[in-house]
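Peer 1: Before anything else, here's the structure in question.
The values are calculated or read from the model by the stated rules, or taken from the named source; none is laboratory data. A quick note: this is a predicted structure, and the numbers were derived from the prediction, not measured. Glycine gets a Cβ as well: all are built from the backbone with ideal geometry, and neighbour counts include every protein chain shown.
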Amino acid sequence: MRNEDDEQARPTGPHEARCSRRGCALPARWALRWNNPRLHTPERRKTWLACDEHRAYLTSFLDVRGFLRETVPFEDLED
């Protein structure tokens with residue numbers, strides 16, 4: 001459920017990182033680092049971005065499949 005504060009939190013710039021959840025346009029607050037061990041080498045990491053609202057959903061999706069490796073604040077994500 002979104003409130004007025006969520007509407008104000010929407011990104012304004014075209015290059016601002018946004019949540020990876022389909023249909024969400026909120027700014028990314030978290031980086032979910034993952035890999036699929038059947039497809040990727042152990043050191044490879046893919047990244048999904050999450051807003052506060054969708055962090056639990058995306059984490060659960062990856063964790064249930066054994067893909068989640070770490071979750072870090074978006075601002076701590078290295079290039």
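Peer 1: State the number of residues belonging to region 28-61 that are of a type outside the set (K, R), more than 10 Å from the chain's Cα centre (by Cα) and under 16 Å from L77 (Cβ atoms).
Peer 2: Qualifying residue count for the region: 2.
Peer 1: Checking R29 against (1) surrounded by fewer than 14 Cβ atoms within 10 Å (Cβ to Cβ); (2) basic (K, R); (3) touching a helix residue (DSSP H, G or I) at 6+ places or on another chain (Cβ under 7 Å): exactly one of these is not met. Which one?
Peer 2: (1)
Peer 1: Taking the condition of being farther than 24 Å from C19 by Cα and at pLDDT 95 or above, how many residues in region 42-52 meet it?
Peer 2: Of the residues in that region, 0 qualify.
Peer 1: List, please: which pairs have Cβ atoms under 7 Å, are six or more places apart or on different chains, and start with a residue in region 16-34 that is touching a residue at least 12 places away in the same chain (Cβ under 8 Å) and end with one that is among the β-branched types (V, I, T) and assigned to a strand (DSSP E or B)?
Peer 2: W30/T71; A31/T47; A31/V72; L32/T47; L32/T71; R33/T47; R33/V72
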